[in-house]
Every structure is written in structure tokens, then in C-alpha cells.
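One structure is given below, encoded as C-alpha cells.
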Amino acid sequence: MMTQPNMMTQQIDTTIDTTDESIDRPRRDSRWGRLTGRIRQIMSPGARLLDLGVSVIERGVSVIECGTRVIERSSRVIGRGAGVVGRVAMLALVAGFVAGCPAKESGGSDAGAAGADASGAAAGSSVASTAEATEGKRPFRFINRGDIITLDLNDMSYLQDFRVTYAIREGLYTLDPETFKAVPALAVETSVSDDKKTWTFKLRPEAKWSNGDPVRAGDFVFSWRYMLEAPGEYAYLFYYIKNAEAYENSYRAQDGAVKAEDVGVRAPDDLTLVVELTNPVPFLTDLLSFPPFYPRHAASMEPFKSVDDKGRVSYKPEYTRPPAVVCNGPFVLTAWEAGRRLVMERNEQYWDRANVKSPGVEMVVNNDPQGAFIQYEQKQVDWLADVGPDIAVRLFNQKRPDLHVAGAFGTAFMTLNCAESISELPGVKNPLSDVRVRRALSMAIDRTKIVQNITRMGEQVAERYIPPGFFPDVKSEPIPGFNVENAKKELAAAGFPNGQGFPRGITILYNADNPTRTQLAQFLKAQWRTNLGIDVEVKGIELKSYRNEVTSKNYSVALVAWYGDYMDPSTFTDKYLSTSQNNDSNWGPAAYDDLIARAASEPDEAKRNALLSQAETMINTELPIIPMYHYVNYGLWHANVRGLKMNAKQLTVFKPVYVAE
Amino acid sequence: MKKVLLYRLLQFPLVLAVIYLLTFLLIWVAPGSPFASESRAMNPEALQQLAQRFNADSSWRFLTYYPVRIVTEFDFGPSMVKRGFSVKELIFSGLPISMTLGLAALGIAVVVGMLVGTLSAVKRDGILDYAGMTLTLFGISVPAFVTGAVLVLIFVAWLEWFPIGQWGSIKDIILPAIALSLAPMAYIVRLQRVSMLDVLGADYVRTARAKGLSKSRVVIKHCLRNAFLPVLSYLGPAAATTLTGSFVVEQVFSIQGGLGRHFVEAVTGRDQTMVLGLVLVYSTILLAMNLLVDVLYTVVDPRIDLEKKGA
């Protein structure tokens with residue numbers, strides 16, 4: 001249930017190189033073969049390593065990227081041909097260093113590992129003395145996706161932040177560690193009114209905060225209201241609650257039109273929470289298991305309160321740092337060094353502490369995929385949550401048993417600007433505003449080539465917008481798939497036979513820090529030229545600039561992605577409402593809005609699914625976006641890790657996770 | 001001397017103010033906001049409200065709030081991206097890491113560089129000279145991410161002598177310090193060699209030799225000090241760059257929390273307060289280093305008079 005913004009930056013890939021395997025194979029056994037393999041492996045992320053180059057130059061291929069390619073090529077040549085000379089030179093170099101190093105250094109890594117174990121054991125024992133029998137003897141260590149951005153529930157939007165929040169906080173519902181469906185946590189009893197608009201939750205009386213205070217219904221009311229008073233990216237999820245959006249706007253303007261008490265969340269007593277919705281929300285429990293809906297401990301946040309000149313209250317995000325932070329999850333945050341690490345220890349106040357199996361969890365920061373992988377291989381960490389795509393492809397081909405892959409709740413697609421006139425085509429009617437052109441573009445792409453040659457992790461080719469397998473009851477028409485004949489016909493019908501007269505200037509925009517997208521853009525350009533006879537440009541720019549261009553609809557074609565936030569088709573279909581902030585396509589017929597609105601107020605599940613199917617069919621056939629493939633998630637963990645499971649939304653339930661000896 | 005020092009020190013605030021304004025201008029006009037995330041669009045009004053919490057909803061508000069705070073409280077404000085941490089805190093937790101690494105690298109570069117440079121000049125056209133010149137060519141032209149990667153590959157991934165991504169013991173510093181020292185070392189070797197050759201040809205050296213002093217004595221006593229000046233002028237900016245962290249080396253060796261990474265992340269994330277804080281700290285170090293070098297000039301060569309030069 002989260003966005004995966006870093007997806008883009010993490011998608012590193014080596015060039016599509018068929019010679020890759022053929023060079024590697026005969027040499028793989030030898031040390032030299034491993035060495036050259038490593039050189040290439042380490043060289044390949046050069047482009048990412050020097051993101052700076054891209055951001056400064058803001059062009060598709062930075063100078064540094066070119067340089068890296070050259071080095072990569074030449075290292076390959078050395079690996080292939082240099083033979084004796086290269087080996088001797090390398091050996092001499094190594095020998096020189098060997099001679100120069102004191103003898104005890106050769107045992108260095110062992111000493112380091114022993115040291116790490118000792119410290120781990122020490123930490124373990126200090127915790128074990130206070131805890132009941134835990135199955136894990138030492139803290140579970142992992143490398144998250146990048147560093148933590150924020151642990152303030154209001155502003156949170158990155159996967160790595162949510163991941164840690166699942167360990168230290170808990171809501172009315174949590175996730176089942178096997179099925180990842182929402183199951184009750186702080187709620188012991190849930191009842192729904194007949195019109196499905198009023199939900200009443202009875203709270204677990206023994207639930208406590210990490211400082212010993214009981215968790216009360218008022219903590220939810222406080223937290224949810226604050227979500228609207230200082231809204232972040234996920235405030236929109238609260239708009240299902242009565243008067244929530246109105247209160248957010250009223251509070252911003254400080255006009256007093258809507259009061260805090262008017263919002264549909266109340267606490268009649270300490271253990272009862274009543275939630276009133278504007279429409280039936282069948283996926284409410286799923287939302288309640290998502291961090292923005294977690295409670296907060298108001299008293300501990302009080303010292304961080306500040307009031308602005310308009311009288312609006314906000315809390316400085318410092319409240320999320322130890323020792324000030326008060327949590328209610330299986331673990332408590334005990335140390336947080338920005339950019340370095342995060343330490344969590346078992347929460348002795350947690351109501352279900354008997355089922356928390358690890359004495360602690362430690363998050364290590366390493367933003368470099370190669371370095372992170374080496375740390376994992378040297379067993380400095382138990383779990384590598386985010387694997388560099390080039391490494392993942394290699395391990396995937398080797399069938400490594402510790403690589404875990406699962407289909408993701410997300411789709412890679414391109415968004416088309418459907419406005420009649422766009423800035424890239426001054427004085428010309430935008431051909432993309434014609435549905436026949438959009439259909440032709442979709443039918444001219446051989447998607448199997450994308451997953452086989454570019455992404456290479458067993459991704460599924462997209463036949464629809466919504467990823468398959470999650471909502472069997474939503475039965476929509478598929479998109480027009482690969483068919484060159486029909487593509488040509490559609491294009492001719494739109495007035496561009498064999499691409500003649502197709503205006504120049506259509507550009508595929510993407511973020512240049514993502515090599516997969518760089519390849520994808522080139523591939524699409526080639527496909528359209530070969531199959532339709534039309535020429536488009538490709539343009540890779542720096543990530544923030546790219547986001548800016550897309551959200552301000554200043555593009556013609558852009559490579560984008562969408563991950564669902566909650567387990568309901570509406571998390572995908574709502575994006576293309578004409579009123580949605582996230583609709584970048586300039587497409588938004590009234591009929592579509594109408595379908596979504598009817599689905600939202602429909603209490604009958606079958607009818608609702610039928611309406612959403614119709615809505616998705618509209619997207620699949622009118623193609624404001626052209627779906628390409630569905631993502632997969634992957635992670636690495638060692639065989640002695642228990643309780644982890646790969647899943648579609650990349651969620652982590654830390655309670656059952658521990659390291660077996 | 002004291003007058004010049006005072007004069008130079010008084011220039012600092014002015015120079016820093018200009019740097020601050022120019023940097024602010026650049027980061028402010030860069031597309032994208034530190035508050036907008038990379039996946040979900042936010043209601044523009046909510047975005048504005050968030051920016052207001054950071055006193056960054058307008059350039060006027062920013063400029064009337066942050067510079068004042070820097071001057072009065074020596075506080076750069078909160079980081080706009082790493083929410084919950086102040087810029088000051090992030091910089092001063094990263095500075096020791098980058099400085100340790102930088103000092104180690106600089107030490108290696110100066111010691112090895114001076115030694116090889118001097119010997120190459122003394123034994124001109126000898127084996128050491130040719131070997132030194134060839135290797136320095138590599139040092140200058142091969143970027144740190146290549147040498148760093150090769151070091152990681154050999155000593156970490158292959159031989160497994162050193163760990164990666166750790167910080168605290170000498171062992172964690174050796175490899176990155178070597179990688180970081182190569183480029184300045186190569187420059188120092190070449191500068192030292194050239195200026196040593198100059199000095200060796202000077203009349204007073206011939207005189208000293210004619211008096212019957214041994215060659216090594218002449219080199220150490222008479223030449224080193226005079227040949228050191230060009231190296232010294234290079235050391236100022238080189239120290240500033242190595243001490244304030246290298247993104248490339250930090251990345252290759254997975255050193256976490258250093259200034260280099262903070263800098264790059266701040267720029268790509270449009271973390272305005274963080275960028276400005278880092279630029280100010282970096283500029284201050286650069287200015288201080290240049291001043292220090294000027295002062296050291298007079299120590300090394302008493303003929304140089306800052307009063308006259310400064311005036």
C-alpha cells in the first residue's frame with residue numbers, strides 16, 4: 001500500500017548485451033573470470049553513481065555515462081584478450097599490495113565478522129535479559145531502500161519510511177504475515193451499519209504506548225484530525241470520511257466553516273471509535289492497516305507544537321525521533337542516525353509481545369546497490385530489501401535460492417497528453433488527441449521484447465491497466481495488443497498513411513537516472529519507426545524536472561508508473577478522474593467520472609465491480625495511457641531468516657521475523 | 001601581516017553573502033519542489049501550506065527568515081527533505097567523517113607525493129622518474145570511481161581483506177583514503193618534480209655543491225623548502241575539496257553519512273536549506289584554507305611579504 005517513487009532511480013540495468021553470457025561462461029570458474037565479471041558489475045552502475053552528471057547536464061546521456069561505457073567496454077576487452085600481460089600486471093599490482101600490508105590484515109574480514117557477531121551477541125543478551133524467550137538471539141539487520149526521509153505520518157510517502165513504521169507503530173488493523181490481508185490489531189470488535197457508512201470499532205483494552213500509557217480512541221481522533229490540519233500526500237485517503245476534505249480546506253483558510261468536531265471520527269468513550277463515511281468503502285479495513293491511519297500519542301508531541309501566524313497548529317517532525325518518540329508497535333525506535341542507521345528494540349509494552357520473535361531490528365543505510373550487495377554477501381546484513389536490477393537479473397538467471405520474486409501491484413505504462421494542442425507542437429493539432437493514433441501506437445509495440453530483453457525479471461506483459469490476479473471480479477476489455485497490420489490501418493484512418501504527414505516533435509520524456517527507461521524509450525522509438533513509419537524524439541531529464549514536466553502536463557509522451565495504495569481497483573481507476581491531481585493525461589470524459597462516482601456510492605459489491613470494469617475498459621480502449629508491463633518485486637535474504645515473505649505491495653510484517661542460528 | 005589577516009577576515013562575510021545569494025538563486029529557480037514527492041501529486045494549496053511550515057512559500061519569506069537565523073543563531077534551519085533533522089546537525093555529523101577521510105587522503109598524498117616528486121627530479125630520467133610520471137598520468141586521468149571500484153573489487157570483493165560500508169576503525173579508512181589521495185598525489189608529484197628541477201638548476205645549489213656538501217644534504221636543506229611553494233598553493237583548494245567529502249568515493253566504498261552524499265542528495269532532492277548550509281560550510285573552509293596557505297607562504301619563504309602583496 002505505498003508508492004514506490006524510488007523505483008525509477010533504482011531501475012538500473014546493464015545494456016541489452018547478448019555477448020554478456022558468452023564471455024562470462026568459460027571464465028566463470030577461475031578467479032580471473034570472477035574478477036572480470038566483477039569489474040563489469042562494478043562498472044555498470046557508474047551511470048547511477050554519477051547522478052550528479054546527469055542532473056547538471058540534463059541531457060539523455062551524460063559525459064560521465066559515456067565515459068563509464070567506454071571503460072566498461074575496455075574492461076571487457078581486457079577480460080577477453082589481454083591474457084598473460086593483463087594477468088601479470090594485475091598480479092604484480094596485487095602482490096605489491098600484499099607485500100605492503102601487515103600479515104594480520106589478511107585475516108581482516110574474519111576479525112571484522114567476529115567483531116560484528118560479538119556486538120550482535122552483546123546487544124542480543126542485553127535485550128534477552130529483560131525479554132521472555134525470543135526465538136531470535138540477535139537483532140535482525142537489513143538494508144532498506146535508501147535512507148529514511150521522514151517518520152512523520154503526515155508527510156510520509158516513501159516505501160522505506162512505511163517499512164519502518166510497520167515495525168514501530170500499529171493501527172486498528174494490521175497485515176497478516178502470510179496473506180498480507182488486513183486483520184484486526186488494536187480493534188477487537190468491528191461493526192458496520194446497514195448502509196455501510198458508519199463503522200464502530202471497540203479497542204483492545206490492554207494496548208499500551210511504549211511509555212506505558214493506554215492507547216485510547218482519542219489518540220486516533222487526534223492523529224486523523226492532524227492528518228487533515230497539516231495535510232501531506234496521503235491526506236486524500238481520508239476524504240472517504242465525512243467532512244474530512246471540507247475540514248482540511250476550512251482549517252487551511254482558518255475560516256471556521258467546518259469544525260474539528262464535524263469530521264466523521266469520534267470517540268464516545270476511551271475504547272470506542274466511530275467512523276462515519278460519505279460513501280460505503282468496502283476496503284476500509286485495508287486502509288486502516290496503512291500507516292497514515294495509525295494513532296499518535298498527543299502528550300509526547302506537545303513539546304514540538306508550533307502555531308503559525310494564521311493560528312494553524314503543526315508539530316515539528318522532531319517528535320518522531322528518539323528519545324521523544326512514543327510508539328505502539330512491536331518495536332520501539334531507540335536510535336536514529338540520519339544517513340547511517342536506525343535501531344529498534346522489542347517493545348516491552350506491546351500487547352502481543354509474546355509473538356514478537358526478534359530482540360530487535362536494525363536498519364542499515366546503503367544507497368549504493370553494489371556496496372549493499374557486497375554487504376549482504378559478506379553477511380553483514382540478513383535482508384537486502386532493494387536489489388539493484390542488474391544484480392537481480394544476474395541472480396535471477398543463476399536461479400539463486402535466496403532471491404525472492406513476486407508479482408507487484410504496479411504497472412509500467414506511458415502516459416499520452418490528449419490535449420488538442422500541446423506546447424511541443426505549436427500550431428498543429430496534437431495527433432495524440434485522436435484515439436485512433438493512440439490505438440495505433442499501442443498496437444505497434446511488441447511488449448514481449450520489453451520483458452525479455454530489457455526488464456528480464458519475469459515480468460508479465462500488460463494486457464490491462466490494473467495488474468492481473470488481484471481482482472478476479474473486475475472483468476474489463478483488454479488493450480489493443482501487438483498487431484502491426486491493424487496499427488497501420490488505424491494510423492491511416494487517422495490521416496497518416498504509413499506515417500506520412502505525422503507531425504514531428506512528439507517526444508518520449510523520461511527520467512534519465514533510470515537506465516531501464518532509457519532503453520525503453522529507445523526501444524519504443526524504434527518500434528514506432530519500424531512498424532508505423534513515424535519519427536519521435538526521446539528526451540531524458542533529471543528526476544525532479546521530469547516530475548515537474550509531467551505533473552504540469554508539459555509533455556507529449558512520458559514513461560511513468562503507478563502502484564496501488566490499497567487493495568481495491570479504485571486505487572487505479574481514481575487516478576484518471578478529470579478532477580484527480582494525479583491525472584496527467586488531459587483525458588477525462590464526463591462518462592468516466594460518472595462511472596466512478598456511481599461505483600463509489602454503490603453498496604452492492606457485484607454491481608460496483610461491474611461499474612469499475614466498465615471504467616477500466618474505457619481506459620484500456622481509449623488509451624490515455626499505454627500499459628506496457630507489470631512490475632515484479634524482489635529481495636534477497638539469507639536462508640537463516642524466518643518469517644519474511646515477498647508480496648505484491650512490498651510490505652513487511654516484522655513481528656514474526658527473526659534470524660535462526 | 002596582522003593588518004592583512006584582519007582585512008582578509010573582514011572580507012569573509014561579504015564573500016559568503018554573495019555566495020549565499022547566488023546559490024539561493026540557482027536552487028530556487030531549479031524546477032521541482034523539495035516538498036513534492038516523486039509519485040503522487042499534491043493539492044497545490046496543501047503544498048503551499050507545507051512550504052509555509054518551512055518558511056519557504058515565497059522567496060521573500062525565505063530570504064527574510066533563513067539568512068537572519070544564520071547570522072543571529074548560527075542555525076541553517078531544518079532540512080526540507082530529511083524531516084526531523086536540522087541542517088546543522090546533519091552537516092556536523094557528516095563533517096567528522098569527511099574530514100577524517102580527507103585528512104588521511106591528504107596525508108598520504110603529501111607524503112608520498114613529495115617523496116616521489118623529489119626523487120624523480122633528483123634522479124631525472126631514471127627508472128623512478130619514468131615510472132612516477134607514467135603512474136601520475138594514470139592518477140590524473142583515471143577518475144576516482146574507477147580506481148575506487150578496482151580497489152573494492154580486489155580487496156573487498158575478491159580478497160575480502162577489508163569490509164565495506166563500515167566506519168570506525170583504521171581498516172575502514174585505508175581503501176577510501178587511498179582512492180581519494182590518488183588524484184592530489186599525482187598533482188603533487190608533478191608539481192614537486194618540476195619545481196625541484198627548477199631549484200636544482202639554480203646558482204645557489206651549484207654553489208652549495210661546490211662547497212662540497214653532499215647531494216642529499218643540498219636537496220633536503222636547500223632545495224625542498226624552495227621547491228615547496230607551488231605545491232603549497234595547490235594544497236589550499238585541494239585540502240578544501242578533500243576535506244569536505246567526495247561523493248564518488250563515499251558511494252563506491254559505501255561510506256554513509258559523509259558530506260559528499262549529503263550534498264548530492266540535497267541537490268537532487270531540492271533540499272534548499274541543506275544545499276545552502278553545505279555551500280556556506282564548504283565556502284568557509286575554502287576561504288580559510290586559502291588564507292592559511294597565504295600565511296604559510298611567509299613561513300616557508302620569508303621573502304614573501306603579505307603586506308606588500310595584499311596592498
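Would you check if there is a residue in region A:525-544 being free of Cβ contacts under 8 Å to residues at least 40 places away in the same chain, assigned to a loop (DSSP other than H, G, I, E, B) and open to solvent by less than 10 Å² (accessible area, probe 1.4 Å)?
yes
Residues are listed down the side, and each one gets a yes or a no for (1) under 25 Å from the mean Cα position of the chain (by Cα); (2) within 29 Å of B:Val264 (Cα to Cα); (3) outside any helix (DSSP H, G or I):
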site: A:Tyr350; (1), (2), (3): no, no, yes
site: A:Met363; (1), (2), (3): yes, yes, yes
site: A:Ile391; (1), (2), (3): yes, yes, no
site: A:Phe396; (1), (2), (3): yes, no, no
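Go through the residues of region A:263-283 one by one and say whether even a single one is open to solvent by 60 Å² or more (accessible area, probe 1.4 Å), among the polar types (S, T, N, Q) and under 30 Å from the mean Cα position of the chain (by Cα).
Yes: region A:263-283 contains one or more residues that are open to solvent by 60 Å² or more (accessible area, probe 1.4 Å), among the polar types (S, T, N, Q) and under 30 Å from the mean Cα position of the chain (by Cα).
Residues are listed down the side, and each one gets a yes or a no for (1) facing chain A (nearest Cβ under 7 Å); (2) more than 14 Å from A:Gly371 (Cα to Cα); (3) surrounded by 21 or more Cβ atoms within 10 Å (Cβ to Cβ):
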site: B:Leu135; (1), (2), (3): no, yes, no
site: B:Ala149; (1), (2), (3): yes, no, yes
site: B:Phe162; (1), (2), (3): yes, no, yes
site: B:Leu182; (1), (2), (3): no, yes, yes
site: B:Met185; (1), (2), (3): no, yes, yes
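Give the number of residues within region B:8-42 that are among the basic types (Lys, Arg) and either more than 24 Å from B:Gly84 (Cβ to Cβ) or touching a Gly at 6+ places or on another chain (Cβ under 8 Å) (or both).
Number satisfying all stated conditions: 1.
Can you say whether A:Ala235 is within 11 Å of another protein chain (Cβ to nearest Cβ) and either under 29 Å from the mean Cα position of the chain (by Cα) or in contact (Cβ under 8 Å) with a residue 60 or more places away in the chain (or both), as far as the supplied structure shows?
Yes: the conditions hold for A:Ala235.
Counting only residues that are more than 12 Å from every other protein chain (Cβ to nearest Cβ) and among the acidic types (Asp, Glu), which one in region A:559-595 is surrounded by the fewest Cβ atoms within 10 Å (Cβ to Cβ)?
Result: A:Asp594.
Any idea which residue in region A:296-335 is farthest from the other protein chains (Cβ to nearest Cβ), counting only those that are surrounded by 20 or more Cβ atoms within 10 Å (Cβ to Cβ) and part of a loop (DSSP other than H, G, I, E, B)?
A:Pro330
How do the helices (runs of 4 or more DSSP H) wholly within region B:214-261 filter down when requiring 2 or more residues that are open to solvent by 30 Å² or more (accessible area, probe 1.4 Å): which remain?
Answer list for region B:214-261: B:215-218, B:224-243.
For region A:147-205, how many residues are part of a helix (DSSP H, G or I), away from chain B (no Cβ under 14 Å) and of a type in the set (Phe, Trp, Tyr)?
Final tally of qualifying residues: 1.
Out of region A:513-550, which residues are at pLDDT below 95 and of a type in the set (Gly, Ala, Ser)?
A:Ser545
Taking the residues in region A:339-372 that are hydrophobic (A, V, I, L, M, F, W, C) and either away from chain B (no Cβ under 13 Å) or open to solvent by 10 Å² or more (accessible area, probe 1.4 Å) (or both) as candidates, determine which candidate is nearest to B:Phe247 (Cα to Cα).
Checked region A:339-372; the qualifying residue nearest to B:Phe247 (Cα to Cα) is A:Val364.
So which residues in region A:217-253 are in a loop (DSSP other than H, G, I, E, B) and either closer than 18 Å to A:Ser306 by Cα or open to solvent by less than 10 Å² (accessible area, probe 1.4 Å) (or both)?
Selection gives A:Ala230, A:Pro231, A:Gly232.
Could you tell me whether region A:264-274 includes any residue that is modelled with pLDDT of 95 or more, closer than 21 Å to A:Asp155 by Cβ and assigned to a helix (DSSP H, G or I)?
Scanning region A:264-274, I find no residue that is modelled with pLDDT of 95 or more, closer than 21 Å to A:Asp155 by Cβ and assigned to a helix (DSSP H, G or I), so the answer is no.
Since A:Gly371 meets every condition but one in (1) modelled with pLDDT under 95; (2) part of a loop (DSSP other than H, G, I, E, B), which condition does it not meet?
The one condition A:Gly371 does not meet is (2).
Out of the residues in region A:566-596 that are small (Gly, Ala, Ser) and under 24 Å from A:Pro291 (Cβ atoms), which is modelled with the highest pLDDT?
Within region A:566-596, the match that is modelled with the highest pLDDT is A:Ser570.
For region B:49-61, indicate whether the set of residues that are aliphatic (A, V, I, L, M), open to solvent by 20 Å² or more (accessible area, probe 1.4 Å), assigned to a helix (DSSP H, G or I) and more than 8 Å from chain A (Cβ to nearest Cβ) is non-empty.
no
Here is a yes/no grid of residues against (1) among the acidic types (Asp, Glu); (2) touching a Ser or Thr at 6+ places or on another chain (Cβ under 9 Å):
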{"site": "A:Asp194", "(1), (2)": "yes, no"}
{"site": "A:Glu206", "(1), (2)": "yes, no"}
{"site": "A:Trp209", "(1), (2)": "no, yes"}
{"site": "A:Gly212", "(1), (2)": "no, no"}
{"site": "A:Tyr226", "(1), (2)": "no, yes"}
{"site": "A:Ala246", "(1), (2)": "no, no"}
{"site": "A:Asn249", "(1), (2)": "no, no"}
{"site": "A:Ala260", "(1), (2)": "no, no"}
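The values are calculated or read from the model by the stated rules, or taken from the named source; none is laboratory data. Computed from a prediction, not measured in an experiment: that's the story for all the values here. Heads up, the Cβs are rebuilt from the backbone with ideal geometry, glycines too, and the neighbour counts pull from every protein chain shown. The accessibility values were calculated without ligands, DNA or RNA, using every heavy atom of the protein model including side chains. Shrake-Rupley method; radii C 1.70, N 1.55, O 1.52, S 1.80 Å.
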